Amino acid sequence: MDFSRRKKNPSGIPSLSRCRRSVRRQGALLGSLFVLLATPIRADGPAIAKNTEIRVRLTAPVSTQTNRKGDKVTALVVAPPEFAGAFMEGEIRESTSGNKYKGKSRLSFAFHTLALRDGARIPVSSDVRSFINSKGQQNTDEEGFLIEKKNNLGKIAITSGIGAALGALAGGARGAAIGAGIGAGAALILVQFAAQAPNIRLDPGAEIVLSVSPRRQ
């Protein structure tokens, strides 16, 4: 056997050809991930178009007296029929009670995910078109206080799994931690309710009409 043809690498430094192969493999993986990012948001069920009108019903009370920033908000989709039975998920962004006699109560929240019946989850952004309390009264809370509403562009921290994968490719575990922030701070529309009242309260059964659009993370 002729051992003379084998080349020794006493320095332990990877050869140029091995480095090139490694770079090509990482480039292919990154290319695949960017293709996924560029793919339109779809689910096995119905796709959601921009500015789709969706009517939801609260499944739990929402109140400035009991809720705090970060609390989850869930509402059952009742219309249109293709999304009925799904859930809109979000969270409280501000909850401030007015004092007993004077002062304004403020309640801000954002719906950020449409959870379909088949388990698919679609990132969304939504703004309020109208709402009624659980008694069927429009633009008032459960105590009859008139609610001022507006929709403002805001931000909410939502971690992107794809961002973590990109970060891992870029720099191992440390890169994954950094990449997890890709998609965080995604722009959402914050629904803001205000009333000249001690508190704002909406009970289960209150319905909100939303204009919903798919959101790219």
- Any residue in region 95-115 that is part of a loop (DSSP other than H, G, I, E, B), buried (at least 21 other Cβ atoms within 10 Å of the Cβ) and touching a residue at least 12 places away in the same chain (Cβ under 8 Å)? no
- Message: If I ask for residues that are in a loop (DSSP other than H, G, I, E, B), surrounded by fewer than 19 Cβ atoms within 10 Å (Cβ to Cβ) and in contact (Cβ under 8 Å) with a residue 40 or more places away in the chain, which ones from region 50-77 would you list?
- Response: Lys50, Asn51, Thr59, Ala60, Pro61, Gln65
- Is at least one residue of region 184-202 outside any strand (DSSP E or B), within 26 Å of Ile48 (Cα to Cα), among the polar types (S, T, N, Q) and at pLDDT below 95? no
- Task: Consider Glu82 carefully, then state whether it is surrounded by 13 or more Cβ atoms within 10 Å (Cβ to Cβ), at pLDDT 60 or above and part of a helix (DSSP H, G or I).
- Result: yes
- Which ones in region 85-131 are modelled with pLDDT of 95 or more, over 17 Å from the mean Cα position of the chain (by Cα) and under 22 Å from Ser63 (Cβ atoms)? none
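The values are calculated or read from the model by the stated rules, or taken from the named source; none is laboratory data. Here the structure is a predicted model, which is why all the values come from computation and not from measurement. Quick reminder, even Gly has a Cβ in these numbers, built from the backbone with ideal geometry, and neighbours come from all protein chains shown.
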